[in-house]
Amino acid sequence: QYKDLADSDPENSEALVHIAEIERRQGKYEDALASVRKARKIDANSLEAGFNEGLLLDVLGRFDEAIQTYQQMVDLTSHANGAYTDEEKNNRSIFLERLGSVYLEENKTELAVATYQKLIDMGASSVVRGYQGQVDAYRQAHQFDKAIEVSRNAVVADPKDRDLKLMLA
């Protein structure tokens with residue numbers, strides 16, 4: 001059905017994104033990547049297409065390309081004034097988490113930590129995930145003193161948050 005939609009409307013990027021998702025679930029990663037890249041050519045600002053492209057590149061082990069794609073999505077969702085709607089915060093946090101995750105896969109600890117700091121800076125529900133990401137990055141790099149320091153800072157920032165206290169423990 002999605003192929004019919006894409007064939008009947010060549011400017012329909014959403015249909016191509018859905019095709020890519022189906023191909024990805026079927027394990028046809030290269031085909032999925034080709035479909036999602038067609039969608040991004042039609043709509044370069046499609047957050048869903050960008051997310052899927054980054055995800056596919058990560059699965060394919062093409063980490064540098066995944067980083068570049070997620071960074072484009074982070075840049076696309078950035079506001080100079082730092083004011084975001086809830087939906088924008090949600091989208092941005094997803095891209096930042098994925099970007100941080102790929103940096104960790106590449107053992108780029110400081111870049112991962114800097115990325116997770118952007119989550120912390122966004123405030124609200126992103127703060128805990130940002131601190132957890134930083135601690136995980138430092139733990140993975142066997143920089144336990146830094147992991148403890150970040151955990152302590154997190155608990156000081158929000159002493160009532162049980163998750164942060166547990167992370168420190």
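Details
- Ala44 open to solvent by less than 20 Å² (accessible area, probe 1.4 Å), within 20 Å of Arg98 (Cα to Cα) and aliphatic (A, V, I, L, M): no
- Residues in the stretch 4-42 that are of a type in the set (Lys, Arg) and in contact with a Gly (Cβ under 9 Å, 6 or more places away or on another chain): Arg40 only.
- Enumeration of residues in the stretch 110-168 that are within 26 Å of Gly82 (Cβ to Cβ) and polar (S, T, N, Q): Thr115, Gln117, Ser125, Ser126, Gln132, Gln134, Ser151, Asn153
- Total residues in the stretch 47-64 satisfying the condition of being surrounded by fewer than 16 Cβ atoms within 10 Å (Cβ to Cβ) and either of a type in the set (Gly, Ala, Ser) or in contact with a Ser or Thr (Cβ under 6 Å, 6 or more places away or on another chain) (or both): the figure is 1.
- Across the stretch 65-97, the qualifying residues are those that are closer than 24 Å to Leu16 by Cα, charged (D, E, K, R) and out of contact with any Ser or Thr (no Cβ under 9 Å at 6 or more places or on another chain), and the one among them that is surrounded by the most Cβ atoms within 10 Å (Cβ to Cβ) is Glu65.
The values are calculated or read from the model by the stated rules, or taken from the named source; none is laboratory data. Worth saying up front: this structure is predicted, and the values here are computed from it rather than measured. Cβ: placed from backbone, ideal geometry, glycine included. Neighbour counts: every protein chain shown. The area values use the complete protein model at the heavy-atom level, side chains included, leaving out ligands, DNA and RNA. Shrake-Rupley method; radii C 1.70, N 1.55, O 1.52, S 1.80 Å.
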